[in-house]
Amino acid sequence: MTVPSSAGSPRAEDGIQATLAEVRREIACRVCRGDIKRCRLAICPYLDRVRDWFEERRDLQTTNLFGASPPSAFVGSWGYPKVLVGPLVPPVRDEDTSILDASESWLSYELPEILRFRLTLVRGKAPRRVAEARAPDSILSTVQEAAMASKPIDTEMWFTKKPTLVSPFSSRAPPSGPSADIAKVDLTANPSVPRRVDDLVSDTDLRAGEAVTDLYDHGISQSHITRVFSVGLLGTKDRRRLVPTEWSITAVDDILAKSLVREVRSFPWISDVEVTSASGLANNVAVLMFPQAFMFEGLEAWNLEANPTPAHDHEFAGGRTTYPDQIAGAYHATRLPVLEHLESRRRQAGAIVFMEVYDDWVPLGVWRYRELARAALRTKPARFASLDDAEVELGRRLRLPLENWWRSSVLRAYLRGQRRITGYTWAR
């Protein structure tokens, strides 16, 4: 699948099918399929007391809402090229709400706190065709203006009816709270917009991919870049369009990785085999790096008690031209941190990333893989002279037996073949 972006024509059917596949895989509860209103269990196995908490929050169920948006916006994918777009606003004012949309900071919080962050955000919805990003009406223009902001912005929304909590989960984006159709939306303060964001939004001759990379190089947070990209504010004038948030997340991961991989491939190889890992939010990510030209593989395992064979996607040194349809957004979310890490070290390596999902997990979006991989790569690695010794250490850090992972891994089979050819030494 070609990830839709403002820089080219989207293959919408592929995008929607990939999104549906991820939802089916990640929303594993057979009772509600992610729609907690449908569930009749006394205690939700995913949300526990969150449903009761939501029902007590009358300030989330009103036709008029005023609060400080983090800022945040959401663009849906259903019905593409006509999608639902709108801001996410909590019923909170005079407070710093930026944490509600700052996934880069969420690993330091417990799962119930993150769910409360996100379920507090009321989502306004307005149906718009994706091309309307180029000539927005008053509602879409307001959404775009708020999306440019770097600090919380006071926002007032009027709905056609009281918001309801239908399905808070999606495959790649973080959860969100109740939603309703927007009748009107206003910003009651001037947004604080970074100069570089303002400059590139005004530049209608620069391609979207170049704009994304430029913002990243100027220190704009990835969540901010994704938001601006999604509401159709980057790219050449005649190519700008709304991009569904889930697709934008993966597109930005991919764009940034491609901008780094060219440089990384010019660096010398690392000298040892390295193992790092990090766990959190009922997920575990381990990274194996080895002396080679840059190549990458992502392996993901669910339902560990069933002794599964992990899903996988990979690329050799020549890269890949097709969408990683087995692990989808998780592939790009972990590939980027590996490249960021190698670029910061000015070194090159091959990498295999192992992702485990445990039973008490809740669908939070692929950001958790990205941030866990970044956290793992910030730790001091365990270094080994041989792949055998590294695999022993790796086995200590993963719950699923290594033989299950190796049944799926293409790069490990490749490395074993290389070792036989080179007499068990790393050759350059």
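Observations, loosely collected:
- Criterion (buried (at least 24 other Cβ atoms within 10 Å of the Cβ), of a type in the set (A, V, I, L, M) and either out of contact with any Lys or Arg (no Cβ under 7 Å at 6 or more places or on another chain) or outside the structural domain of Leu415 (by TED's automatic domain parsing) (or both)) met by exactly one of Val357, Val353: Val353
- Total residues in the stretch 245-297 satisfying the condition of being assigned to a strand (DSSP E or B) and of a type in the set (D, E, K, R): the figure is 2.
- Restricting Gly280, Gly319, Gly350, Gly329 to those that are under 23 Å from Thr245 (Cα atoms), of a type in the set (Gly, Ala, Ser) and in contact (Cβ under 8 Å) with a residue 12 or more places away in the chain reduces the list to Gly329.
- Looking across the stretch 298-322, just one residue is β-branched (Val, Ile, Thr) and modelled with pLDDT of 95 or more, and that is Thr309.
- Failed item, numbered, when Lys125 is tested on (1) at pLDDT below 95; (2) touching a Leu at 6+ places or on another chain (Cβ under 7 Å): (1)
- Matching entry among Thr276, Thr236, Thr245, Thr250 (being more than 30 Å from Ala390 (Cα to Cα), of a type in the set (Ser, Thr, Tyr) and either surrounded by fewer than 19 Cβ atoms within 10 Å (Cβ to Cβ) or in contact with a Pro (Cβ under 6 Å, 6 or more places away or on another chain) (or both)): Thr236
- Flag if Glu263 is of a type in the set (D, E, K, R), touching a Ser or Thr at 6+ places or on another chain (Cβ under 7 Å) and in contact (Cβ under 8 Å) with a residue 60 or more places away in the chain: no
- Top-ranked residue in the stretch 392-418 [being surrounded by 18 or more Cβ atoms within 10 Å (Cβ to Cβ) and either among the β-branched types (Val, Ile, Thr) or more than 26 Å from the chain's Cα centre (by Cα) (or both); ranked as nearest to Glu297 (Cα to Cα)]: Arg412
- Residue ID - modelled with the lowest pLDDT, chosen from residues in the stretch 343-380 that are more than 21 Å from Ala251 (Cβ to Cβ) and assigned to a strand (DSSP E or B): Val357
- Ala328 being small (Gly, Ala, Ser) and under 26 Å from Ala382 (Cβ atoms): no
- Taking the criterion of being surrounded by fewer than 20 Cβ atoms within 10 Å (Cβ to Cβ), outside any loop (DSSP other than H, G, I, E, B) and touching a residue at least 60 places away in the same chain (Cβ under 8 Å), the only residue of the stretch 298-313 that qualifies is Leu304.
- Spans of helices (runs of 4 or more DSSP H) in the stretch 103-203 with at least 1 residues touching a Phe, Trp or Tyr at 6+ places or on another chain (Cβ under 9 Å): 111-119
The values are calculated or read from the model by the stated rules, or taken from the named source; none is laboratory data. Computed from a predicted model, the values in this text were never measured in an experiment. Methodologically, a virtual Cβ is constructed for each residue, glycine included, from the backbone with ideal geometry; neighbour enumeration extends over all protein chains shown.
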